[in-house]
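What follows is a single structure, written as structure tokens, with notes after it.
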Amino acid sequence: MLRLLDKAERLHHAHQALTEQREQALQRLRELERRAAWLDQRGAAMGTDAEAGEFNQSEAERLESEIDRAAREFERLDESWEASGAEYREARALASRLEEYARNELGWSRPGEPTQYATT
């Protein structure tokens, strides 16, 4: 039973780590999209300057490639995050049910916890 509770706790920590990684990936994707939008506005403001147009075009292509990579990374992390959350919720629910059963039916308590019959 303690192993199951420990496993649920480990899954919770792993899910939290994935949540942080997912947030960072989403922030990176949004930042790249903001840079691409700024570049588009800059290109429109510069009009017909050929040299600036070439720079903007190459920069836009580079940003598009980075955006694609960042979007794939976010999608991968998002899928892992969803699976991790489901696995954690399942393990936590099972551990809670087993712990409730053990406490109510068997009088079990966690090591170090006072028993329900202890007097103060």
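The values are calculated or read from the model by the stated rules, or taken from the named source; none is laboratory data. Note that the structure is predicted; figures quoted are calculated from it, not measured. Cβ atoms come from the backbone with ideal geometry, glycine included; neighbour counts cover every protein chain shown. Note: areas computed on protein heavy atoms with side chains; ligands, DNA, RNA excluded. Shrake-Rupley method; radii C 1.70, N 1.55, O 1.52, S 1.80 Å.
Out of 118, 95, which single residue is part of a helix (DSSP H, G or I), modelled with pLDDT under 95 and on the phi < 0 side of the Ramachandran plot? Spell out the reasoning first.
Working: 118 fails: part of a helix (DSSP H, G or I).
Only one candidate passes the filter, namely 95.
Let me confirm something: among 60, 70, which residue is under 33 Å from the mean Cα position of the chain (by Cα), at pLDDT below 90, surrounded by 12 or more Cβ atoms within 10 Å (Cβ to Cβ) and part of a helix (DSSP H, G or I)? Write out each step before concluding.
Working: 70 fails: at pLDDT below 90.
Just a single option satisfies the conditions, and that option is 60.
How do the pairs read when you match residues in the range 94-114 that are open to solvent by less than 50 Å² (accessible area, probe 1.4 Å) with residues anywhere that are part of a loop (DSSP other than H, G, I, E, B) and among the aliphatic types (A, V, I, L, M), using Cβ under 8 Å and keeping only pairs 6 or more apart or on different chains?
Pairs found: 95/1; 99/1; 102/1.
Working carefully through the options 60, 37, 71, find the one that is out of contact with any helix residue (DSSP H, G or I) (no Cβ under 7 Å at 6 or more places or on another chain) and small (Gly, Ala, Ser).
Of 60, 37, 71, the one residue that is out of contact with any helix residue (DSSP H, G or I) (no Cβ under 7 Å at 6 or more places or on another chain) and small (Gly, Ala, Ser) is 37.
Given the residues 18, 29, 39, which is the only one that is part of a helix (DSSP H, G or I) and under 15 Å from residue 71 (Cβ atoms)?
Numbers: 18 fails: under 15 Å from residue 71 (Cβ atoms); 39 fails: under 15 Å from residue 71 (Cβ atoms).
Testing whether each residue is part of a helix (DSSP H, G or I) and under 15 Å from residue 71 (Cβ atoms) leaves just 29.
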